[in-house]
Amino acid sequence: MAHKDLRGFLAAIGPTGDLLQIDDQVDWDQELSGIGRLSCERNGPAFQFNNIKDYAGWRMVANPVATWRRYAVALGLPADTSVRRLYEFYAEREQQSIPPVTVKSGPCKEVVIPGDKIDLFDLPVPMVHEGDGGRYLGTWDLVVSKDANSDWVNWGMYRFMVHNERLLTGYPRPTSHLGKMFLDGYVPAGRPMPIAIVIGADMPSHLAATATFRIGGSEAELAGGLGQRPIELIKCETSDLYVPASAEMVIEAEVFPDRVAQEGPYGEYPGYRSGEMGNALCARVTTITHRRDPILTLDTTGFMDSSACNTSISGAIAIKRRLEKHGIEVVDVYVPPESGVHMAIVSVRKGGGAVAQKIVEVLTARRALMSKVIVVDDDVDVFNMAAVIHAFSTKCHPERGVHVTRYQGRANTLTPAYSMKERIARAGASVAFDSTWPPEWPVNETPIRATLDAMYSPDVQKKVLARWKALGL
Amino acid sequence: MANEYETFVRDATRILSGREVVLSLRDLTPGRRKYRGINVRAVVSRPPRPGEATLWIRSVVGVKDPLPCSVHIVEELPEAFKAVTYSDFFDVMEKAERR
């Protein structure tokens, strides 16, 4: 079972060396996030900053789950759980949705700041990267919104920047679930959309918010399943939205259907600042509630940031389910977190060019986040990148093995490879690299891999493995 | 008004034309309010004019132009521009210039 709140999670990762407490003064202006950034790049620990320049008494944790070890603890598992097992746990728990329960009181209501008393500069909002468009309050967050025409409630992890004392600008993309809700239900009616930006909730809630999940699905139920306990929700002060009661802070706001202000640029999860500014949301904060002595959270967004492991798992599972639904015999899918959610490895029982083409078309039908798919045979372990690179390098025909699909209006605007013109038009392409043997090749002409498991008799394999073990290797 | 600002532009020549332009500025005064945003109608000068606030120009990917400018703020505008959500912010600012 996962920890009930952020503080329980932090207490669990401290003793294992996965969280460092920093009591020396650190500047909110780039220094604090620079430390977090370096830690992401070196597979280092999370940091809790207890002494932030200009903000005495405030605390901030950078990158709660940016490693597989911390990801495992976030799910209530031992820190040394293997990646394959984490994938299996996630897939099992994703199917065991547990509905949330509502409560009348909770820690996130210990302090209530009404709208007319709000000054966002009273919060230690970090300047995450040099050259960003501003200070980002929403990085490792959970943004709640509700569909105007149904009971669908969406939780998503979206970036929000401080514009002034009460105004935020944010970048849930138009193709995101929140963007869809807003454009379909609120903008045509000229109505503002209430949102709640939740900071420092229990880890399963944040994992659910950042997960690739179906339209209409309840991330609150997903969070319950992932953590194996119901999430306690409490009603907002200024809207009918419900938020995790154990959260450290809740920022209630209304998104304007008819206002814009500067947002971005911002160094994003693919590992680049791509210049995707100019089309964002604008929201006025209506109330802030928080725990006493709150601990804010920060994702130093970029290469191997705090969302990388979760989008790896949830993205891979979503891909597997979608391909199976379209009749493709998938064995395993792995999304390497180092790829910035731009590449998937898919192993199939039966490969070939037609299968590879179908895979890339299915995966880009609605919105195209993945731009590269490596399709391998089922004797390749997708979690073993050395084996994947070997298969790709040797089995993918440089001409016949490359299957491209192009699209307009649904490309990932954060893909650094796209030109500014392509990003504005949301035009792009995805490619599948067919690294399987053509099914029409006869068995007696298909090359045999020169590895112990493929080119040696079972008897010899057994002897070699026994000898290996006896040598203590 | 502050002594130092930065702004993000898609096309620097637009704001360096010497005419009045609409800009979104970030206040670089050290302290708690650093990076606060304001929208203004202003004239940008390069080289900087004595007595005016320094302005640094950044590109849409955040690259800082090493040559400083100065900015004369003619008028502070409302905190947000009236336009349909997800409108292109740079287009909206250009339209605001035409009043």
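What follows draws every value from the coordinates through simple rules; no lab data is involved. Model, not experiment: these values are computed from the prediction. Every residue, glycine as well, gets a Cβ built from its backbone with ideal geometry; the counts of neighbours run over all protein chains shown.
Sorted into 5 angstrom bins from 0, the C-alpha pair distances of region A:238-316 split as 3, 12, 13, 15, 20, 22, 13, 2 percent.
Using a cut-off of 22 Å between Cα atoms, the listed pairs A:Lys117/B:Lys34; A:Lys180/A:Lys358; A:Lys325/A:Lys350; A:Lys117/B:Lys95; A:Lys4/A:Lys104; A:Lys358/A:Lys395 include A:Lys180/A:Lys358; A:Lys117/B:Lys95 as exceeding that distance. Take each residue of peptide B:31-43, count the partner chain Cβ atoms within 10 Å of its Cβ, and average: the result is 5. Residue by residue along A:164-172, Cβ atoms of other protein chains within 10 Å of the local Cβ number 2 on average.
With the simple spin-label model, which puts each label point 7 Å out from Cα in the Cβ direction, the A:Arg321 to A:Val402 separation comes to 3.4 nm. With everything on Cα atoms, drop me the angle between helix A:83-94 and the longest principal axis of chain A, reported from 0 to 90° to the nearest 10. Helix A:83-94 sits at roughly 60 degrees to that axis.
The length gained on full extension between A:Asp240 and A:Leu452, counted as 0.36 nm times the residue separation minus their Cα-Cα distance, comes to 70.2 nm.
The aspartates and glutamates within cross-link reach of A:Lys463, meaning a Cα-to-Cα straight distance under 13 Å and a gap of 8 or more places when in the same chain, are A:Asp453. Diagonalising the gyration tensor over the Cα atoms of region A:326-441 and scaling each eigenvalue by 5 before taking the square root yields semi-axes of 24, 15, 12 Å, largest first.
Dividing the summed -39500 (n - 2.57) terms of all DSSP H runs of n ≥ 4 by the residue count of the protein assembly as shown sets its mean residue ellipticity at 222 nm at -6500 deg cm²/dmol.
Within the same chain, aspartates and glutamates fewer than 8 places from A:Lys53 are excluded, and of the rest, those with a Cα less than 13 Å from its Cα are A:Asp23, A:Asp24, A:Asp27, A:Asp29, A:Glu31, A:Asp122. Helix A:385-395 and the long axis of chain A differ in direction by around 50°, with both axes built from C-alpha atoms. In chain A, Cα pairs under 8 Å separated by at least six residues give a relative contact order of 15 percent. By the Stokes-Einstein formula, at 1.306 mPa s and 10 °C, region A:81-298 with its Kirkwood radius over alpha-carbon pairs has D equal to 90 µm²/s.
Taking a point 7 Å from the Cα of A:Leu465 along the Cα-to-Cβ direction, the residues of region A:424-455 with backbone N closer than 12 Å to it are A:452-454. Rg/Rh for region A:74-142 stands at 1.12; both radii use Cα atoms, and Rh follows the Kirkwood definition. When all alpha carbon pairs of region B:4-88 are counted in 10 Å bins from zero, the resulting P(r) reads 17, 52, 28, 3 %. Seen from all directions on average, the protein assembly as shown presents a Cα convex hull projection of 29.1 nm². Counting only DSSP beta bridges with both residues in the protein assembly as shown, the antiparallel share comes to about 70 percent. So what is the relative contact order for region A:326-441, in percent, with contacts set as C-alpha pairs under 8 Å and at least six apart? Dividing the mean separation by the residue count of region A:326-441 yields 31 percent.
Report the full-extension gain for the segment A:Ser393 to A:Val443: residue separation times 0.36 nm, less the Cα-Cα distance, to one decimal in nm.
Additional length available on full extension: 15.9 nm.
When you restrict to C-alpha pairs under 8 Å that are six or more residues apart and normalise by the size of region A:1-156, the relative contact order lands at 21 percent.
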